[in-house]
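The values are calculated or read from the model by the stated rules, or taken from the named source; none is laboratory data. Since this is a predicted model, take the numbers as computed values, not measurements. Here the Cβ positions follow ideal geometry from the backbone for every residue, glycine too, while neighbour counts run over all protein chains shown. These accessible areas exclude ligands, DNA and RNA; they are computed on the full protein's heavy atoms, side chains included. Shrake-Rupley method; radii C 1.70, N 1.55, O 1.52, S 1.80 Å.
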Amino acid sequence: CRSDAEDQAVSSAQPPTAGQLVRFSAVAVPLAAAGLPLGVYLPAIYARDYGLSLTVIGVIFLLGRLWDALADPLMGALSDATRTRYGRRKPWIAAGGAVFAIAAIFLFFPPFGVTPLSLGIVLFFLYLGWTAVQIPFQAWSGEVSGDYHERTRIATYQTVVTSSALLLTLILPTIADQLRPGDGRLQLTLMGGLVLLTVVPTLLLTLTALQEPPLPLLPASRPNLKQVLRAITGEPLLLRVLASDFAVTLAQNIRAALIVFFVTFYMGRPEWAGGLFLFQFVFGIFAGPIWLRVGRRYGKHRTAVAGELVQVAINLALLLVTPDTFPLLLALTLAQGLAQGSGNLMLRAIVADVADKHRLDSGEDRTGLYYSVFSLAGKTATAVAVGIALPLVSWLGFDPKGANSPETLNSLLLVFGLGPAIAHALSAALLARFPLDEAAHAEIRRQLDPAAPDYAFAE
């Protein structure tokens, strides 16, 4: 094992090239391509085409998500503690990718039909493999560079690759509907085909793009649960980042949960229900580079605050939309796409900075653990958003199966616009006057490894 001063020493002082970062980010493609169908298309297809009840599907997917959430911190701690000749992140990504790929075959191409038991088993292994890829990969991405702005650049490439994969995944069901309308099995085949065609090549690209930094020293003793919890709850800056990301993701998913209802019933344009979401994603691909430039100029936390305030303005402007002002809705959706992910992007890069601070204060490297709880915060917010938005509009009288009064539709508008605006404002408030800026982080890095270059490359 190496000393802390040697622990980031690597083979080159030059930042990764664009090509290397695209290769490194490649594994985000199959994860994104599987994630969207899981949340949007698979439950309906399994109910309509395979005969499972919605209640059974809901319970199974809920249990799968709970298992996924529980596995995140465990994987983060295991990844941090792993020591092999190949590194501590790569073995988990390789093994997790294999499990993920096998489970995806049974999820998208069920050879023996679908039963509640088979679906539960497949989701268990899919989420296990997913977590074993995602958490070590995110931790590794925070270790590629110790430079404050370079970490934002690395996160930007991941965001753009993920958004592009989501866009392609959104297009596939549309193609299926043009070929054979309402054919859920065809949709499943196309989306599953994208996952399986990309999983092996992208894993190889990611695993060979960069070297892991040299392994840090192991702690004197294995941390117990109490120490792990203290490492999380005892770091106030991490808690602020987690709470801010929770609020960002909550806002995004309130909007996502209601956009089909809003466009179909309030705007009276059901033909645009899916297209508007796609329209937003198209412009979302261009958002990452824009916010990267802003972040280089003003710093990560200030850029995140600015992005969240822009989101507040956009969502409040939605309250001015009427069924007769569809062009205004298109303009706001375009703006939403360009502002999309600004907070998530900066916060993901900040996690590695907070992990550096913790390592300086405690001598313990918790990068994997910190990224795992960051992932957990986002997943929790996704679940909470649906649990808040849908019951709330129902309580206000909205009925997707019946007639809705103008007052009810105005209530839908209020929740659709005001709910995300409040959550984005909360996210901005949590990051205001965040003390870990570029200068503070530079001093932390100087104390951690004064002579070490910052970048790791594949040989």
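Can you name the number of the only condition in (1) within 19 Å of the chain's Cα centre (by Cα); (2) open to solvent by 10 Å² or more (accessible area, probe 1.4 Å) that residue 368 fails?
Failing condition for residue 368: (2).
Tally the residues that are modelled with pLDDT of 90 or more, small (Gly, Ala, Ser) and open to solvent by less than 40 Å² (accessible area, probe 1.4 Å), restricting the search to the range 80-117.
5
Determine whether the range 137-145 contains at least one residue that is open to solvent by less than 10 Å² (accessible area, probe 1.4 Å), without any contact (Cβ under 8 Å) to a residue 60 or more places away in the chain and more than 19 Å from the chain's Cα centre (by Cα).
No; the residues of the range 137-145 include none that is open to solvent by less than 10 Å² (accessible area, probe 1.4 Å), without any contact (Cβ under 8 Å) to a residue 60 or more places away in the chain and more than 19 Å from the chain's Cα centre (by Cα).
What number of residues in the range 423-433 are modelled with pLDDT under 95 and more than 17 Å from residue 294 (Cα to Cα)?
The qualifying residues number 1.
Limited to the range 397-430, what total is found for residues that are open to solvent by less than 70 Å² (accessible area, probe 1.4 Å), over 18 Å from residue 315 (Cβ atoms) and not aromatic (Phe, Trp, Tyr)?
Final tally of qualifying residues: 7.
Residues of the range 45-94 being in a helix (DSSP H, G or I) and among the basic types (Lys, Arg), which ones?
Within the range 45-94, 48, 65, 90 qualify.
Would you confirm, using the coordinates I've provided, whether residue 79 is touching a residue at least 60 places away in the same chain (Cβ under 8 Å) and either over 18 Å from the mean Cα position of the chain (by Cα) or closer than 18 Å to residue 27 by Cβ (or both)?
Yes, satisfied.
When you go through (1) at pLDDT 90 or above; (2) of a type in the set (S, T, N, Q); (3) open to solvent by 10 Å² or more (accessible area, probe 1.4 Å) one by one for residue 131, which number turns out not to apply?
(3) is the only condition that residue 131 fails.
Within the range 14-44, can you find the residues that are in a loop (DSSP other than H, G, I, E, B) and surrounded by fewer than 21 Cβ atoms within 10 Å (Cβ to Cβ)?
14, 15, 17, 41 - these are the residues of the range 14-44 that are in a loop (DSSP other than H, G, I, E, B) and surrounded by fewer than 21 Cβ atoms within 10 Å (Cβ to Cβ).
Take the residues in the range 355-385 that are under 17 Å from residue 141 (Cβ atoms) and not in a helix (DSSP H, G or I); name whichever of them is modelled with the lowest pLDDT.
365
Is the range 403-418 home to any residue that is out of contact with any helix residue (DSSP H, G or I) (no Cβ under 6 Å at 6 or more places or on another chain), at pLDDT below 90 and of a type in the set (Ser, Thr, Tyr)?
no
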